[in-house]
Protein chains: 2
Amino acid sequence: MAHLVIIGGSDAGISAAIRARELAPETDVTVLVADRFPNYSICGLPFYLSGEVPDWQTLAHRRISQLQSRGITLRLAHDATQIDPAAKSVTAITSGGRVRTFIYDVLIVATGAVSARPSIEGLDLPGVFFLRSMADGFALQQYLTTSEPKSAVIVGAGYIGMEMADALTRRGLSVTVLARSTVLKTVDPSLGRLVRDELARNRVKVVEGAAVIAIEKGRRGRLAVRSAEGRRIHADMVLVATGSDPESALAARAGASIGIQGAIRVSPAMETNLPDVYAAGDCVETWHRLLGKYVYMPLGTTAHKQGRVAGENAIGGHRDFPGSLGTQVVKIFDLVAARTGLLDREAFEAGFLPRTAGLQTWDHKAYYPGATPLLIRLTVDRSSRVLLGGQIVGHYSAEVSKRVDVIATAISNQTTVDDLVDLDLSYTPPTGSPWDPVQMCAQEWLGLVD
Amino acid sequence: MAHLVIIGGSDAGISAAIRARELAPETDVTVLVADRFPNYSICGLPFYLSGEVPDWQTLAHRRISQLQSRGITLRLAHDATQIDPAAKSVTAITSGGRVRTFIYDVLIVATGAVSARPSIEGLDLPGVFFLRSMADGFALQQYLTTSEPKSAVIVGAGYIGMEMADALTRRGLSVTVLARSTVLKTVDPSLGRLVRDELARNRVKVVEGAAVIAIEKGRRGRLAVRSAEGRRIHADMVLVATGSDPESALAARAGASIGIQGAIRVSPAMETNLPDVYAAGDCVETWHRLLGKYVYMPLGTTAHKQGRVAGENAIGGHRDFPGSLGTQVVKIFDLVAARTGLLDREAFEAGFLPRTAGLQTWDHKAYYPGATPLLIRLTVDRSSRVLLGGQIVGHYSAEVSKRVDVIATAISNQTTVDDLVDLDLSYTPPTGSPWDPVQMCAQEWLGLVD
């Protein structure tokens, strides 16, 4: 019986374990989990902290017993400290301080990522929080419950920053977001503006162009966030949400090649350079289908897919991870912002000849109750007419994310803007228009070019 | 200046007119409209009759002035009675009884469809209604307002029948639906059952397997609907919604070839067999991409696309209508039912080797508020593994229709079930799962086969 050891019990690690057992039920699969929370949806933490999800235990994609019933051996509170590729073993320290060694035939490294620590003074002060792990979530929840802060500064205006601005506002805090450049710069400024307006409508203060240099102790137990421009903003707590870094040190010490932004280098089959060692998820580089190169873009969807591929190959399969389009979506108060593929400038930098058309229209026929406006932008290569990217911002009820999924599906198939217009998409007045907004925007693009 | 005459002012006719003027603004475009309601969304009539759309005028896709400002000449209340292909002229009678002749260089026939008249006695009795045209809608609205009926029988359980069961219930009527076979048989029985349950939840009575043979005068001014099994159901009014027939007589008299179910035969460029005569919309045959043959399938989305192609070719363009996948969606009370491509038995009859997998899951992560169940079925060819069809039924909030659009986009691109799993679709807990339900169902299919 082959021994498959997996380091990491989050999306990639558990997906790999499940896939391996599914295809080769005779495999002995052991997952080393650093904490006690395997297979938790850490993407759900902001909704636990907002109070929308009352019970943190419901955040589990699957319960421990469900994983065990699939024949997966979980070793909880086992912190892997060393990989020995020659001996094919992994050493871990338990929470009780015991050192244990696990022998593998095949190893999958799925150690995930950690919160980025920007060069800001005072990150370790009490009242300063990060949000990445279940432990981070519990610490913040406990602070919110026991200290009852009235105000928060969020450093960073990306996905976690935006979700937590929503969550802490729901929780009754007065929230200020400090953005290094602009709010949600994963979408174009015209769409980012809608997000900024939604934040303002919900009384979140936003400061754009703020370069935070220090967090300091202020008066009456409060904190002060200081920016390079000399601004000082006082708050009871600070959340630092400036991105993630791959947790690749363990693999690197064992000799794994490291690539972009410190992430583990992998082949399309998710192999590292070490024999019989695969890696997947937020700790690895990800192939971008449109850029045609590796990037660091940690996303839950990608982690699941990479884990599934690694799990299949670990038991002798032959599958490649086809790559990411960077499809992403975030809900901020009543708004949903989603994107896939490349923005105009990203496409230009990658050597395409992009042109982007934008359109505001209704999510469904305006005469039917509940119609809300939708802002959509499509980026298309002018020479090949192939679709390169799409962005949509609209109301939570406006089926924004699945419309972006239509665009993602089209991009995956090298669809031209002409073929997008020809797609046979569904229509009834309560859900759409005879031409879906995505197709209207394609027609708008054609009108610019024809 | 070329003279383009278009017979018909609904989806196909107006789309053709707009496209012709867009590409060749020097073209003289005249649209003969039989009634006074060009470019109306007849798909919206059920929502006007339900009371959800208070003002029928908002059903117009565009106002008359908007069409005129695009340089389109509208001849309202002009009923075309004859096409003379040799003289290249169309004769029309105005509502005032005047006969007028229009000379064309190119003609587009977009005469639409009429309600099917099943072989049932008593279709012309007062209190019996059809729903296809604006006039039908006005007649029904007037009857509902002035006669205040308490009960209705709907003959037919397709899209219009279902929408009107919803509409008349909202309007306060007690509704009975008589289905020849089962409810909404455009989807598989397991999904149709959800629709039947939704009807029951809203106190709509459903009789399946009812072969209606006559509508008769009953007591106290009521009607009685008699079925072959000897059942008699009494109601104040009856709506007959058993489908549509193409309005092809005008073209046929001029020598146009007629094909399946009496629809006008067209080439991929939407040409008829008559020189310089195109046809589009509910009066023509439609190419089905998966069946590889012409079918009669009148849909608003298709009419728009065919009209656009006809308009482009009428002014010298070279575009083909790529065909339909039969993508359809309907909202029934709080439920949305959508499909694209082929059902299992349709695929089998067409010579595929289909296998269908089904799945019930949540529209988004169950821990986030508002999650609702989704029933999804995917049909895949076992030899090529190419996706052939998909059906989803779920709550109005569950982004059902756009998920079917993802499937439609995949089918258009001959996507395999394996590639469907690989798609980089969006995820945030309030809108989905790390694997979208469409992908989970694809994995379910793979589990059946692997």
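At a glance:
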{"quantity": "All positions within region A:78-105 that are touching a residue at least 12 places away in the same chain (Cβ under 8 Å), among the polar types (S, T, N, Q) and open to solvent by less than 50 Å² (accessible area, probe 1.4 Å)", "calculated": "A:Thr81, A:Ser89, A:Thr94"}
{"quantity": "Options B:Asp405, B:Asp422; residue that is touching a helix residue (DSSP H, G or I) at 6+ places or on another chain (Cβ under 9 Å), at the interface with chain A (Cβ under 7 Å from one of its Cβ atoms), within 17 Å of B:Leu343 (Cα to Cα) and of a type in the set (D, E, K, R)", "calculated": "B:Asp405"}
{"quantity": "Of the criteria (1) of a type in the set (Gly, Ala, Ser); (2) under 25 Å from A:His288 (Cα atoms); (3) crowded, with 23+ Cβ neighbours inside 10 Å; (4) more than 9 Å from chain B (Cβ to nearest Cβ), which one A:Ser383 fails", "calculated": "(3)"}
{"quantity": "Test for B:Pro354: is it modelled with pLDDT of 95 or more and under 21 Å from B:Lys402 (Cα atoms)", "calculated": "no"}
{"quantity": "Failed item in (1) open to solvent by less than 20 Å² (accessible area, probe 1.4 Å); (2) more than 8 Å from chain B (Cβ to nearest Cβ), with A:Ser324 passing the rest", "calculated": "(2)"}
{"quantity": "Test: residue in region A:392-400 that is within 20 Å of B:Ser41 (Cα to Cα) and within 12 Å of chain B (Cβ to nearest Cβ)", "calculated": "no"}
{"quantity": "So A:Asp188, is it within 29 Å of A:Ala357 (Cα to Cα) and free of Cβ contacts under 8 Å to residues at least 24 places away in the same chain", "calculated": "no"}
{"quantity": "So A:Leu374, is it surrounded by 19 or more Cβ atoms within 10 Å (Cβ to Cβ) and either in contact with a strand residue (DSSP E or B) (Cβ under 7 Å, 6 or more places away or on another chain) or within 24 Å of B:His61 (Cβ to Cβ) (or both)", "calculated": "yes"}
{"quantity": "Any hit, region B:30-38, residues being open to solvent by 10 Å² or more (accessible area, probe 1.4 Å), touching a helix residue (DSSP H, G or I) at 6+ places or on another chain (Cβ under 7 Å) and either closer than 17 Å to B:Ala113 by Cβ or at the interface with chain A (Cβ under 10 Å from one of its Cβ atoms) (or both)", "calculated": "yes"}
{"quantity": "Hey, B:Met134 in contact with a helix residue (DSSP H, G or I) (Cβ under 6 Å, 6 or more places away or on another chain), open to solvent by less than 30 Å² (accessible area, probe 1.4 Å) and under 12 Å from B:Leu45 (Cα atoms) or not", "calculated": "no"}
{"quantity": "Among the candidates A:Ser257, A:Ser248, residue that is more than 30 Å from A:Gly172 (Cβ to Cβ), out of contact with any His (no Cβ under 8 Å at 6 or more places or on another chain), buried (at least 24 other Cβ atoms within 10 Å of the Cβ) and not β-branched (Val, Ile, Thr)", "calculated": "A:Ser248"}
{"quantity": "Residues within region B:6-49 that are in contact with a His (Cβ under 8 Å, 6 or more places away or on another chain) and part of a strand (DSSP E or B), tallied", "calculated": "4"}
{"quantity": "Yes/no for B:Ile213 being in a strand (DSSP E or B) and open to solvent by less than 50 Å² (accessible area, probe 1.4 Å)", "calculated": "no"}
{"quantity": "A:Asp11 buried (at least 23 other Cβ atoms within 10 Å of the Cβ), out of contact with any Asp or Glu (no Cβ under 6 Å at 6 or more places or on another chain), within 12 Å of chain B (Cβ to nearest Cβ) and at negative phi", "calculated": "yes"}
{"quantity": "A:Phe138, sole failed condition from (1) closer than 13 Å to A:Leu199 by Cα; (2) in a helix (DSSP H, G or I)", "calculated": "(1)"}
{"quantity": "Test for A:Ser181: is it at pLDDT below 95 and either of a type in the set (A, V, I, L, M) or closer than 19 Å to A:Glu198 by Cα (or both)", "calculated": "yes"}
{"quantity": "Those residues of region B:260-270 which are touching a residue at least 40 places away in the same chain (Cβ under 8 Å) and either assigned to a strand (DSSP E or B) or open to solvent by 40 Å² or more (accessible area, probe 1.4 Å) (or both), in sequence order", "calculated": "B:Ile264, B:Pro268"}
{"quantity": "Positions within region B:283-321 being polar (S, T, N, Q) and either farther than 19 Å from B:Leu23 by Cβ or surrounded by fewer than 19 Cβ atoms within 10 Å (Cβ to Cβ) (or both), in sequence order", "calculated": "B:Thr286, B:Thr301, B:Thr302"}
{"quantity": "Top-ranked residue in region A:351-371 [being farther than 15 Å from A:Gln443 by Cβ and away from chain B (no Cβ under 13 Å); ranked as least open to solvent (accessible area, probe 1.4 Å)]", "calculated": "A:Pro354"}
{"quantity": "Leading residue by the ranking (nearest to B:Leu45 (Cα to Cα)) among those in region B:175-196 that are surrounded by fewer than 16 Cβ atoms within 10 Å (Cβ to Cβ) and either in contact with a strand residue (DSSP E or B) (Cβ under 9 Å, 6 or more places away or on another chain) or among the hydrophobic types (A, V, I, L, M, F, W, C) (or both)", "calculated": "B:Lys185"}
{"quantity": "Of residues in region A:50-77 being within 14 Å of chain B (Cβ to nearest Cβ) and in contact with an Asp or Glu (Cβ under 9 Å, 6 or more places away or on another chain), the one most open to solvent (accessible area, probe 1.4 Å)", "calculated": "A:Arg70"}
{"quantity": "Test: B:Gly127 is open to solvent by less than 50 Å² (accessible area, probe 1.4 Å) and more than 22 Å from the chain's Cα centre (by Cα)", "calculated": "yes"}
{"quantity": "Top-ranked residue in region A:103-129 [being polar (S, T, N, Q) and part of a loop (DSSP other than H, G, I, E, B); ranked as farthest from A:Arg75 (Cα to Cα)]", "calculated": "A:Ser119"}
{"quantity": "Enumeration of residues in region A:410-450 that are within 18 Å of A:Leu359 (Cα to Cα), among the aliphatic types (A, V, I, L, M) and open to solvent by less than 30 Å² (accessible area, probe 1.4 Å)", "calculated": "A:Val417, A:Leu420, A:Val421, A:Val438, A:Ala442, A:Leu446"}
{"quantity": "Any hit, region A:222-229, residues being within 14 Å of chain B (Cβ to nearest Cβ), in a strand (DSSP E or B) and open to solvent by 10 Å² or more (accessible area, probe 1.4 Å)", "calculated": "no"}
{"quantity": "Residue that is surrounded by the fewest Cβ atoms within 10 Å (Cβ to Cβ) [pool: residues in region A:230-245 that are in a loop (DSSP other than H, G, I, E, B) and among the charged types (D, E, K, R)]", "calculated": "A:Arg231"}
{"quantity": "Selection from region A:335-350 of residues that are among the charged types (D, E, K, R) and surrounded by 24 or more Cβ atoms within 10 Å (Cβ to Cβ)", "calculated": "A:Arg339"}
{"quantity": "Near pairs, Cβ below 7 angstrom, 6+ apart or cross-chain, from region A:106-126 (within 25 Å of A:Ala12 (Cβ to Cβ)) to any residue that is assigned to a strand (DSSP E or B) and polar (S, T, N, Q)", "calculated": "A:Ala113/A:Ser244; A:Val114/A:Ser244; A:Ser115/A:Ser244; A:Ala116/A:Ser244"}
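The values are calculated or read from the model by the stated rules, or taken from the named source; none is laboratory data. This is a predicted model, so every value here is computed, not measured. Heads up, the Cβs are rebuilt from the backbone with ideal geometry, glycines too, and the neighbour counts pull from every protein chain shown. Remember, those area values only see protein heavy atoms, side chains included, never the ligands or the DNA or RNA. Shrake-Rupley method; radii C 1.70, N 1.55, O 1.52, S 1.80 Å.
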